[in-house]
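Read through the structure below, which is laid out as structure tokens, and then see the notes.
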Amino acid sequence: MTINETLIEKKFSNDLTEAELLEFKKLYETDDAFKQEVDFLKNVQRVSETEDDALFRNQLATYETEISPKKVFLNSKWIKPFSAIAAIFIITISISLFMNKDINNDSLFSSYFEPSKNVSAPIVRSEKDEHLTNRAFIAYSEADYQQATSLFQKAFEQTGNSELLLYEGNALLAMDKVTEAIEVFKTHLTYSDALTNRTHWYLALAYVKSDQLDKAKQELTIYIDSEEKFKKTEAKSLLKKLK
Amino acid sequence: MEHNYVDALKDNNDKIVRELYGRHRAEFFGFSRTYRISENDSADIYQEAFLAMRKHAISGKLNEVNCSFKTYLFGIGKYLIFNKHKADASMSHYNGNLHNSDSDYESISVDITNELTEQQRLLRHYFKQLGKSCQQMLTLSFYRGLTNEEIAKQYGYESEAVVRSQKSRCLKTLKNLIKTSPR
């Protein structure tokens, strides 16, 4: 039996009608799966509240630090002329880029994409080693992307190591399976691991390849703003070309 | 109460919240001095009062309030100041006269947030392993109570359906993290 998700969604946004509320209460008392899901989401609610409060506290602490100790003021007489020069500069750049907007997305993709190097697990080449992750990386290093994709998928299911999703997405992208690659990259972005930020770069390339340029620009901007240093120059140059 | 301030608190509008924080800070510190609160403690109490106001904004409580933002903020502040004196009094002599200080502000009580249960603490551990966009999505849906349509509109998602699928993806990831944990 499937869980009534709409009813649950409405409950959490305080949007239930009286009749729906009665139905909700009845299901909560009689349907174990429904109750289990609601209780889980109530815990998610409480946890996200705690995290949100912590973020807000940090925000307030930043204001306090800015106000209380020696505050540095900018010499405001330079702000206006400087802003004007900056605005003219930006407009000039924008016009010149607009004039050269004739871009071939496929060749752009090819000039920037190379499958990610393995920075997660050193390969052990031994007949005895039957570890899925190791076998996946061996196939990947030999450009056997078909085999690598399936092994990465199984290895991820077995170990829960979310970094493997980056390589699975790369293998798919190398085989021109762009739609599938995008799905895998999106799943990787639901995790937070050492390689999550890099996925923004590869997702951007997948969007370029599939002519979804607005989304590509969005991913590149997130990537450039992140602390990741890998391919940063390339990301900036690609974003310039797309604008 | 001023609707734009309530919305700014709910939506975490950095510009407006920062401005409100700076605008009332000096007066609040002066106010708490009349209750013999040190500058350091004043800063803590002022921030706790802002946090409590934000919780009231999110729960919808502020929509039913007729007084101004400042009156409400100082009312909460006063409640927190009294609480602090009570807590300190349990460790030393309590001076009841402190509560007699004149002020224009009625004390406004704040609910005490219960600590996380063991199960919730564990869930928090996995929640923090989610990507930033997933943490935000789940917070908007389940804590702030936004509908899928509101999230799509306010946070630039293509449609309600995209929000729904992203949310379900995030919940799936969270459940997977719990399932594959070594514990």
Would you be able to tell me the number of residues in region A:38-49 that are buried (at least 18 other Cβ atoms within 10 Å of the Cβ) and more than 8 Å from chain B (Cβ to nearest Cβ)? 1
Is it the case that B:Leu138 is facing chain A (nearest Cβ under 8 Å) and either at pLDDT 90 or above or open to solvent by less than 20 Å² (accessible area, probe 1.4 Å) (or both)? yes
When you go through (1) open to solvent by 20 Å² or more (accessible area, probe 1.4 Å); (2) at the interface with chain A (Cβ under 9 Å from one of its Cβ atoms); (3) of a type outside the set (D, E, K, R); (4) over 22 Å from the mean Cα position of the chain (by Cα) one by one for B:Asn148, which number turns out not to apply? (1)
Members of region B:1-28 that are buried (at least 17 other Cβ atoms within 10 Å of the Cβ), at the interface with another protein chain (Cβ under 10 Å from one of its Cβ atoms) and not basic (Lys, Arg): B:Leu9, B:Val17, B:Leu20, B:Tyr21
With respect to the numbered conditions (1) modelled with pLDDT under 90; (2) open to solvent by less than 60 Å² (accessible area, probe 1.4 Å); (3) under 23 Å from A:Ser226 (Cβ atoms), which one is the sole condition not fulfilled by A:Gly160? (3)
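Is it the case that some residue within region A:15-33 is within 11 Å of chain B (Cβ to nearest Cβ) and open to solvent by less than 60 Å² (accessible area, probe 1.4 Å)?
We begin by selecting, within region A:15-33, every residue within 11 Å of chain B (Cβ to nearest Cβ); these are A:15.
Still in the list and also open to solvent by less than 60 Å² (accessible area, probe 1.4 Å): none.
Scanning region A:15-33 turns up no residue that is within 11 Å of chain B (Cβ to nearest Cβ) and open to solvent by less than 60 Å² (accessible area, probe 1.4 Å).
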All but one of (1) polar (S, T, N, Q); (2) buried (at least 24 other Cβ atoms within 10 Å of the Cβ); (3) under 16 Å from the mean Cα position of the chain (by Cα) hold for A:Ser226; which doesn't? (2)
Restrict the check to region B:161-183 and report whether at least one residue is touching a Gly at 6+ places or on another chain (Cβ under 6 Å) and either of a type outside the set (A, V, I, L, M, F, W, C) or within 24 Å of B:Met53 (Cα to Cα) (or both). yes
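The values are calculated or read from the model by the stated rules, or taken from the named source; none is laboratory data. All of these numbers come straight from a predicted model, not from anything done at the bench. Please note: Cβ atoms are built from the backbone with ideal geometry, for glycine as well, and neighbour counts cover all protein chains shown. To get the accessible areas, we keep the full protein, side chains included, count just its heavy atoms, and leave off ligands, DNA and RNA. Shrake-Rupley method; radii C 1.70, N 1.55, O 1.52, S 1.80 Å.
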